[in-house]
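The block underneath contains the structure these notes are about, expressed in structure tokens.
The values are calculated or read from the model by the stated rules, or taken from the named source; none is laboratory data. This is a predicted model, so every value here is computed, not measured. As a convention, Cβ positions derive from the backbone with ideal geometry for all residues, glycine included, and neighbour counts pool all protein chains shown. Only protein heavy atoms, including side chains, enter the accessible area calculation; ligands, DNA and RNA are left aside. Shrake-Rupley method; radii C 1.70, N 1.55, O 1.52, S 1.80 Å.
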There are 4 protein chains.
Amino acid sequence: MATQEQSANGTKADADADALVLSNDPFHPANHICTLCAHFYNLGWVTGTGGGTSIRRGDKIYLAPSGVQKELIKPTDIFVLPSECLNLQIADPAKRVSHHDMPYLRRPKNLTPSACTPLFMTSFRKRDANCCIHTHSEWAVLATLLCGSAKVFEIEEIEQIKGIPKGPGKDGNLGYFDRLRVPIIENTAKEEDLTQYLEQCMEEFPDTFAVLVRRHGIYVWGKDVAQAKTICESLDWLFKLAVEMKKLGLPWTKQ
Amino acid sequence: MATQEQSANGTKADADADALVLSNDPFHPANHICTLCAHFYNLGWVTGTGGGTSIRRGDKIYLAPSGVQKELIKPTDIFVLPSECLNLQIADPAKRVSHHDMPYLRRPKNLTPSACTPLFMTSFRKRDANCCIHTHSEWAVLATLLCGSAKVFEIEEIEQIKGIPKGPGKDGNLGYFDRLRVPIIENTAKEEDLTQYLEQCMEEFPDTFAVLVRRHGIYVWGKDVAQAKTICESLDWLFKLAVEMKKLGLPWTKQ
Amino acid sequence: MATQEQSANGTKADADADALVLSNDPFHPANHICTLCAHFYNLGWVTGTGGGTSIRRGDKIYLAPSGVQKELIKPTDIFVLPSECLNLQIADPAKRVSHHDMPYLRRPKNLTPSACTPLFMTSFRKRDANCCIHTHSEWAVLATLLCGSAKVFEIEEIEQIKGIPKGPGKDGNLGYFDRLRVPIIENTAKEEDLTQYLEQCMEEFPDTFAVLVRRHGIYVWGKDVAQAKTICESLDWLFKLAVEMKKLGLPWTKQ
Amino acid sequence: MATQEQSANGTKADADADALVLSNDPFHPANHICTLCAHFYNLGWVTGTGGGTSIRRGDKIYLAPSGVQKELIKPTDIFVLPSECLNLQIADPAKRVSHHDMPYLRRPKNLTPSACTPLFMTSFRKRDANCCIHTHSEWAVLATLLCGSAKVFEIEEIEQIKGIPKGPGKDGNLGYFDRLRVPIIENTAKEEDLTQYLEQCMEEFPDTFAVLVRRHGIYVWGKDVAQAKTICESLDWLFKLAVEMKKLGLPWTKQ
């Protein structure tokens, strides 16, 4: 458990690093991640240190730390990576550059880099996303459990589906009569080991903006915070609806 | 996805248009829509850009924009229409004046008019309403699903029914022994195509203050914000109760 | 629907009446009712103008108005009655002094006295209570529905039962092995007509601090706000638990 | 019911005692307990005066009082004990030093010491914990009910399990493939009588950071507030998931 109160740095180099996260702009990524995490906590998405989020802006990637109370994160708790790190080898476990060993521009003392880091980076590199959200939503987990061993969660003819874009580079959102398909990958013992499966899944489902992780949660990304967050909300709404439908004996699709 | 940060206008004409939405009065429609949307977000009614609301005051109609985070709307994001637009042809798809082409007095740059616009206008024109709320409440959607193909949601002998007025021009609210009947129309691919069915439904159910849209949500209106909001709350309470009753094997009506 | 914005009075006599509800003390009943109602709204107890609350202090009774958004009540919306009104004939429908005709010390213009008034007064007179809360909690309503035609809700061996006092004039609270019994009366078309049944029920159940109203909600009282509120919370917690237990096939009592 | 408004002391000795709980540091235990209790109230953990929390810092133990509205606690409502009290005989009912008779350094007038005190102290003494949280969470209670007469709640292969440490003195947290086992003790008529069973249970389950109390709630502890709170949140998340899984016919463990 990191000591959140002690994460600010102390030396001259530290001061330079602190400048990366200190800003009066509420939409600066270091501030924005803090308000998002507090909001996600209230939504039940990052309970008990679970989940996290990352924003890329220009040549930098900002990341919430590991294992801390997400609703209490401060800008000085934020890790910063250069965007060129997206070229690092992270998916192949044999050749992986660990998130512990990446060339952080800023690395708060007493805090640990998040094991979600390579997964956030994968969404940035493969989808040109600039924000990625990882939740431990109960509705997402229950939806994966209700899918049994199926590799995709599917639902159709629900208006909220129109909150999900058709696909990267495609114009507009899914229509009411389109079937929403969210792929599911199996969980691994270590979060970072999900990276290769996330990458494969993104290739198999080139249009998806989200990947469910069975018995674990979901990764959702977008071109910006607003897109990632609203997709994540729409999906969570649909997962909750799907769980309630199952209790009431209502089918998810017209089969 | 619109850029909410860039919606304020810039020219002289823009400044005139901005004056339509800038006020220190918290109950000015442009301010009121913002606080209502933030409140509705917390109630789960406008998750992930879904839903919306509109207020008419005197000769103007104020509208929340399309496809944005409703809890973050600012007064400068509000569209304004002259009330005389209520005479426009909007129900008939063949002759419809699109919500994209209406003579807005104020049209925020980078934002899109809501496809709910013709539906809000229908409630204003046909019911002389001054506020209309559209939610994507999960309870409303589940209630429509539990009704199967029935055209009306019905419940009786629940005290909260007394929160619903008897009908436009009728004195007082429904009684405890009155059966509440909320009509349901089928969803369409495009939101604006609901307009003709909403209009027909209002004629068929001249006393109703709300129309459910199957697998989608609900439209609720009233003579003012307080009436529309409290009817919407009472109905949502009843839909949630109805869903829980179904799980517990309790009938909605005495048959 | 009352106009909450217009409820403040204007004449000299009005100013005297206003002095009854204007205070810098947050625990003055006129202020306290406002904060309580906003809190109860967030708990789902007074949705859509339903429910209400009343406090007696010394020779005065303070009451929330009828048919308004409870979370937006202001001190100037509060009705004030002299405590000597507790001697009025209110239970017998044939001889009843209507809540519309009581000698209010303060009666906000454009607002309507609450039909809960005689029920609040009954708890003050018969139990020497000083605060009474009426909720439309969904859990209370579902609990009454799950009781079928039974006249009492019963649950036992749940720690939270210890939040309920043994009875007026009795020392201490119920024990873990005591069975909690909350009586249920049938609903009537008009709220004020419940008064005689509430009164009879209080006589039949001399130890109870609450009476459920089938398909409607609950009335809970206490010697002060803290007691009434904490009993109401404990009961609501138990009703929700009972509903969940029923879904899971768990019995409320040991056979 | 204690009078929270009257808990501040008045004499010189009282002033010295007040100094123990007055601080500008939001993380001073007397302040921290207040913000935690308000937060736990919003989580549904301390409804209607139920539940509580305690923090040990250095040679002092700070405790929330009994039977008050936990969300309204003020620093002057806090009891203070010397840490050397951890050597008092508290488990054996025959020799027990009652929580009423302990040598409090500060004892607010009109308030009653919590019957949870010996249980909090047991976690401090036997586990070297510095924070202990007691909740009446509905999910914890339902989980114990769904376990029937089983002495342990068990669940496996859910990512959130990784929020629970392996055990005192052990490095790191449980893994995804580890089975989480939370022991359950039976409830007693008096809270303080749980002490001996809590103590026995801690010996029988040397790795556990929490003990469920059937039909009652849970005790959770940690080396600091952050650890106790995040474990408590992770467990509550898991109990809620487990209840939902049971409704949906999903097993908690493999086979």
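Is one or more of the residues making up the stretch B:63-70 in contact with a Phe, Trp or Tyr (Cβ under 7 Å, 6 or more places away or on another chain), part of a helix (DSSP H, G or I) and open to solvent by 10 Å² or more (accessible area, probe 1.4 Å)? Checked the stretch B:63-70: no residue is in contact with a Phe, Trp or Tyr (Cβ under 7 Å, 6 or more places away or on another chain), part of a helix (DSSP H, G or I) and open to solvent by 10 Å² or more (accessible area, probe 1.4 Å).
Tally time: how many residues in the stretch B:84-93 are touching a residue at least 40 places away in the same chain (Cβ under 8 Å) and surrounded by fewer than 16 Cβ atoms within 10 Å (Cβ to Cβ)? Looking only at that region, the number is 2. Within the stretch A:128-156, work out how many residues are surrounded by 18 or more Cβ atoms within 10 Å (Cβ to Cβ) and more than 28 Å from D:Leu235 (Cα to Cα). Looking only at that region, the number is 5. Of all residues in the stretch A:45-103, those satisfying the criterion of being of a type in the set (Val, Ile, Thr) and closer than 24 Å to A:Ala15 by Cβ are A:Ile55, A:Ile61, A:Val68, A:Ile73, A:Thr76, A:Ile78, A:Val80.
Look through A:Glu191, A:Glu233, A:Glu244 and report the one residue that is facing chain B (nearest Cβ under 8 Å), crowded, with 21+ Cβ neighbours inside 10 Å and modelled with pLDDT of 95 or more.
Values: A:Glu191 fails: facing chain B (nearest Cβ under 8 Å); A:Glu244 fails: crowded, with 21+ Cβ neighbours inside 10 Å.
After applying the criteria, what remains is A:Glu233.
Only one of A:Leu43, A:Leu81, A:Leu72 is away from chain D (no Cβ under 14 Å), in contact (Cβ under 8 Å) with a residue 24 or more places away in the chain and among the aliphatic types (A, V, I, L, M). Can you tell me which? Steps first, answer last, please.
On the way: A:Leu43 fails: away from chain D (no Cβ under 14 Å); A:Leu72 fails: away from chain D (no Cβ under 14 Å).
After ruling out the rest, the residue left standing is A:Leu81.
Would you say B:Arg96 is more than 12 Å from every other protein chain (Cβ to nearest Cβ) and either open to solvent by 60 Å² or more (accessible area, probe 1.4 Å) or of a type in the set (Phe, Trp, Tyr) (or both)? Criteria not met by B:Arg96. Flag not set for C:Thr144, criterion: in a helix (DSSP H, G or I) and facing chain D (nearest Cβ under 9 Å).
Candidates are the residues of the stretch D:214-230 that are farther than 18 Å from D:Ile164 by Cβ and open to solvent by less than 30 Å² (accessible area, probe 1.4 Å); the one that is farthest from the other protein chains (Cβ to nearest Cβ) is D:Arg214.
Here the stretch B:160-173 is the region considered, the condition is being within 11 Å of another protein chain (Cβ to nearest Cβ) and in contact with a helix residue (DSSP H, G or I) (Cβ under 8 Å, 6 or more places away or on another chain), and the residue that is nearest to C:Gly48 (Cα to Cα) is B:Gly163.
Taking the numbered list (1) at pLDDT 95 or above; (2) open to solvent by less than 50 Å² (accessible area, probe 1.4 Å); (3) touching an Asp or Glu at 6+ places or on another chain (Cβ under 7 Å) in turn, C:Met102 passes all entries but (3). Tell me which of these A:Val182 doesn't satisfy, since it passes every other one: (1) within 13 Å of another protein chain (Cβ to nearest Cβ); (2) under 22 Å from D:Glu159 (Cβ atoms). For A:Val182, the exception is condition (1).
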